[in-house]
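Notes follow the structure.
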Amino acid sequence: MATTDAPPHHQTTGTQRAAAIAEIALCSSLPTQILIGALLRAAGLPPIDAAGQLSLTFVVALSVADTVLLVALMVALTRARGESVAALWLGARPVRREALAGALLIPAVFLMVVVVMNVLRLAAPWLHNVPANPLERLASTPGQAAVFAGVAILAGGVREELQRAFLLQRFARHLGGAAVGVVVLSAGFGAGHLVQGWDAVVATGLLGAFWAVVYLRRRSTVAPLISHAGFNAVEVLRVAVFGA
């Protein structure tokens, strides 16, 4: 696996490790979403609507605000280290070629999910512990589906891939290497989908690992970003047209 490790002569100090851990915690989405969620509730926007369902308005506001805040934080922290944001997220490969590679990966991602979910249903049916995905209810009408697809592309495809690259770099340089980062971040990515069921946790964890490896191989977020965004958009469309 290609990595973004520092040169062999570089020795990570305890201070650098502590700083990397602090940056990972800050940019993990947990503190920012807790803060933004609290502000939204204080402003009178509850996460649950009058029908007792997850509020699409709340999800949109939280996702957009978290994306803006996280990207700003990652840019500021990267520049504070004297590093290049373009090198971190775009690398040296032509953007158009990377975008094409990402688009070509979308069918492979769908095939991976289909295979994993079906294997889990057969081998470990107890992992399917959420009969109805609560997020799928947010795409129950064409208008809602369009809005939710936009959120899935922005907060899923864009934010999560920029975030994954940023966090992977911290692991690669200061916390045991890129492989450790892939394992830890993919586990966290999967756990973030627990509301969708344990089978979704496993499937999304594997997807996170896949996109992490794509980034490390290509040193650019463009291909995994396009792949992730395309997968999310088509998945929302599938739910809107065919249901769960």
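Take the conditions over 14 Å from Phe166 (Cβ atoms) and either in contact (Cβ under 8 Å) with a residue 40 or more places away in the chain or not in a helix (DSSP H, G or I) (or both) and apply them to Gly37. Does it pass? Considered against the rule, which asks whether it is over 14 Å from Phe166 (Cβ atoms) and either in contact (Cβ under 8 Å) with a residue 40 or more places away in the chain or not in a helix (DSSP H, G or I) (or both), Gly37 comes out as no. Only one of the numbered conditions (1) part of a loop (DSSP other than H, G, I, E, B); (2) surrounded by 13 or more Cβ atoms within 10 Å (Cβ to Cβ) is not met by Gly82, and that is (2). Of all the listed residues (Thr57, Thr78), the sole one being closer than 30 Å to Arg137 by Cα and among the polar types (S, T, N, Q) is Thr57.
Are there any pairs, at least 6 apart or on different chains, whose C-beta atoms fall under 6 Å, with the first in the stretch 77-91 and touching a residue at least 60 places away in the same chain (Cβ under 8 Å) and the second assigned to a loop (DSSP other than H, G, I, E, B) and not basic (Lys, Arg), and if so, which? If the second residue must be assigned to a loop (DSSP other than H, G, I, E, B) and not basic (Lys, Arg), the pairs left are Trp89/Thr221; Leu90/Ser220; Gly91/Ser220. Taking the stretch 154-220 and the helices (runs of 4 or more DSSP H) fully enclosed by it, the elements with 2 or more residues that are in contact (Cβ under 8 Å) with a residue 12 or more places away in the chain and polar (S, T, N, Q) are at 160-174. Determine, yes or no, whether Ala132 is aliphatic (A, V, I, L, M), out of contact with any helix residue (DSSP H, G or I) (no Cβ under 8 Å at 6 or more places or on another chain) and assigned to a loop (DSSP other than H, G, I, E, B). Yes: the conditions hold for Ala132. Taken together, the criteria exclude Ser220 from residues that are closer than 26 Å to Leu127 by Cα and hydroxyl-bearing (Ser, Thr, Tyr). Scan the stretch 41-71 for residues that are part of a helix (DSSP H, G or I) and under 22 Å from the mean Cα position of the chain (by Cα) and the total you get is 16. Taken over the stretch 97-139, the criterion of being at pLDDT 95 or above and among the basic types (Lys, Arg) is satisfied by Arg97 alone. Restricting the stretch 157-200 to residues that are surrounded by fewer than 21 Cβ atoms within 10 Å (Cβ to Cβ) and β-branched (Val, Ile, Thr), the residue that is nearest to Ser28 (Cα to Cα) is Val184.
The values are calculated or read from the model by the stated rules, or taken from the named source; none is laboratory data. This structure is a prediction, so every number in the text was calculated from the model and none was measured. A quick note on method: Cβ atoms are made from the backbone with ideal geometry, for glycine too, and the neighbour counts reach across all protein chains shown.
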